[in-house]
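Read through the structure below, which is laid out as structure tokens, and then see the notes.
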Protein chains: 4
Amino acid sequence: MALKMTIEDMHRFLADVFPAVCDIFEVQAMSEEEITVRMKVSERDIRPGGTVSGPTMFTLADVSYYLATLSHIGPKALTVTTSCAIDFMRKPAATDLIAKARVLKLGKVLSVGDVMIYSVGMDKPVAHANLTYSIPKG
Amino acid sequence: MALKMTIEDMHRFLADVFPAVCDIFEVQAMSEEEITVRMKVSERDIRPGGTVSGPTMFTLADVSYYLATLSHIGPKALTVTTSCAIDFMRKPAATDLIAKARVLKLGKVLSVGDVMIYSVGMDKPVAHANLTYSIPKG
Amino acid sequence: MALKMTIEDMHRFLADVFPAVCDIFEVQAMSEEEITVRMKVSERDIRPGGTVSGPTMFTLADVSYYLATLSHIGPKALTVTTSCAIDFMRKPAATDLIAKARVLKLGKVLSVGDVMIYSVGMDKPVAHANLTYSIPKG
Amino acid sequence: MALKMTIEDMHRFLADVFPAVCDIFEVQAMSEEEITVRMKVSERDIRPGGTVSGPTMFTLADVSYYLATLSHIGPKALTVTTSCAIDFMRKPAATDLIAKARVLKLGKVLSVGDVMIYSVGMDKPVAHANLTYSIPKG
């Protein structure tokens, strides 16, 4: 599974297709096994008690797995989430999040894998998600 | 499982605890079996191709199940999502969403149930989620 | 979604394709919306404390959703489970199980739906599963 | 998280509590990070086409995560599965299965983690499951 995109390709793709959010996500590392994505957490992601909201973590899981899949198949914007099973395990700190996503099975129709989410400055993961994406033909 | 809150209680609770988002969600109906929540979809929830983003649907599933649980246990703000398995089944229209959430098991520690999500004007559901919430003591 | 098989077709199909287990499962009712399947629980499904094992409930969820899908697409034996998210909610009694399965989305490639599992003699469900099956071409 | 049981303790525990199945499962390796469990696949686990059934893989995921949790909390037989989200990714060979389970979060009430399942002789995983177990008090 040689990579079809570089980190620069990824950032250019995000700026083209998702201009509204491209400043929030930064691809920090990318290999055949894993992609690392950092998410800028802002005021509106924070919940009472100084933690990050579940939907914010879901968004990062979803975007990271999307990028992990594209790194293997190239910039097919219409690749869409089919399902996600996410476990929220620890209360995140009120700070940026880091995701590590890996593709476990790349088929013709489906991409299946998982994402581990960390709070910057914490060793142990805050959430873990299994995702399936549907890959458009052609 | 008699209800512990009215629709008015719900709206007051949302305004107190989540002032930033309370205008987005409206509880439309509530019974012992089911709660119906409407979500205002805005520009930033829309994706290229005129559809609603996955994280927006996740947010609605999460909020609806939170409110479904609170309707049975009262306004315990610290009730938190433990896990969510969501299937995205159809492309939603670029319009408001409706969720129907039901509690299937209310234990001392966990609340387990599901949420069906519809696009206003479409008969068939666009997404279906199973959620578990952890209930704080006391 | 008119049905493509009758209850008799189902039982004949099970006897042909899964002779080892066809005596365990009985389709009790079938409509466009829902299929009801009863599972004979035997000694080896029982766990210490007089309850039914998790794998037994998973097996029923899997078989019921398979049959629900076949009722809509006809007897395509090679239809296979892609994913399952199951919540175990209550301790089942040491007795037979009943499943009610419904197809929520039937696409060309995937069938997505859920299954509610009951213990005979108990009102409230013991488990709830969301399943996705992959449908073979042709 | 120092281990509370040895491999010998595990096998003795299985023989005591699950005499009917203890010959099927063998703990091959165990560390603070991961437990490796081999499952003997027999005739009745095989499906037409020479593959292993979904319920057999679920059973291995369930047992492996149970043992992974017990390795950290000691032999509490009443620890029970709360939920499982499993993705079936590749057709397994008609041979024994290997599971690698890891605990990602061990709380007072819940143990959350995942299991990767392999077919003996295949490099890539055939299934991946996220599980949550409820831990009894005392």
Problem set entry | Burial ordering of B:Ile98, B:Ile7, fewest other beta-carbon atoms within 10 Å first | B:Ile7, B:Ile98
Exercise. Using alpha carbon centroids, what distance separates the range C:77-138 and the range C:1-23, in Å?
Worked result: 17 Å
Problem set entry | Chain D, closest residue to the rotation axis toward A, by beta-carbon, whole angstrom | D:Ala85, 2
Seminar exercise, completed: Expected sort for A:Ser134, A:Ser31, B:Ser119 with the fewest Cβ neighbours (10 Å cutoff) up front is A:Ser31, A:Ser134, B:Ser119
Exercise. In nm, one decimal, shortest first: how far is the label point of B:Ala77 (7 Å from Cα along Cα to beta carbon) from the matching points in the other copies?
Worked result: 4.1, 4.6, 6.0
Exercise. Of B:Pro125, B:Pro48, B:Pro19, which has the largest mean-square fluctuation in a 10 Å C-alpha GNM of chain B?
Worked result: B:Pro48
Seminar exercise, completed: Expected sort for C:Ile135, A:Ile35, D:Ile46 with the fewest Cβ neighbours (10 Å cutoff) up front is D:Ile46, C:Ile135, A:Ile35
Problem set entry | Whole-Hz couplings from phi, Karplus 6.51/-1.76/1.60, listed for the range D:40-47; x for Gly and Pro | 6, 9, 10, 2, 6, 8, 7, 10
Seminar exercise, completed: Which of C:Lys76/D:Lys40; A:Lys124/B:Lys91; C:Lys91/D:Lys124; B:Lys4/D:Lys108; A:Lys124/B:Lys4 exceed 32 Å between C-alpha atoms? The answer is A:Lys124/B:Lys91; C:Lys91/D:Lys124; A:Lys124/B:Lys4
For this session: Calculate the spin-label point distance for D:Ala20 paired with C:Lys76, positioning each point 7 Å from the Cα along the beta-carbon direction, and give it in nanometres.
Result: 3.6 nm
Problem set entry | In degrees, nearest ten, helix C:7-17 long axis to first principal axis of chain C (Cα) | 90 degrees
Exercise. Say a label goes 7 Å from Cα toward Cβ at B:Arg44 in every copy; what distances in nm does this one have to the rest, shortest first?
Worked result: 0.1, 5.7, 5.7
Exercise. Between copies, how far does the label point of D:Thr6 sit from its twins, in nm, shortest first, when each point is 7 Å from Cα along Cα→Cβ?
Worked result: 5.6, 6.5, 6.7
Exercise. Using the Kirkwood formula over every pair of different C-alpha atoms, what hydrodynamic radius in Å results for the range A:97-138?
Worked result: 11.4 Å
Problem set entry | Degrees separating the helix A:54-73 axis from the principal Cα axis of chain A, which is the longest one | 20 degrees
Seminar exercise, completed: In deg cm²/dmol, rounded to the nearest 500, the helical mean residue ellipticity at 222 nm of chain A, built from -39500 (n - 2.57) for every DSSP H run of length 4 or more, is -7500 deg cm²/dmol
Exercise. For the protein assembly as shown, what size does the Cα cloud have along each of its three principal axes, sorted from largest down, in whole Å?
Worked result: 56, 55, 46
For this session: Compute the normalised compactness of the range A:10-123: alpha-carbon radius of gyration over 2.2 N^0.38 Å, N being the residue count.
Result: 1.04
Problem set entry | Among B:Arg44, B:Arg90, B:Arg12, residue whose mean-square fluctuation peaks in a GNM of chain B (springs only between Cα atoms under 10 Å) | B:Arg44
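Computed from the coordinates by the stated procedures, all read-outs in this text should not be read as laboratory data. The structure presented is a predicted model; accordingly, all values stated were derived computationally and were not measured. So basically every Cβ, Gly included, is an ideal-geometry build from the backbone, and we count neighbours across all protein chains shown.
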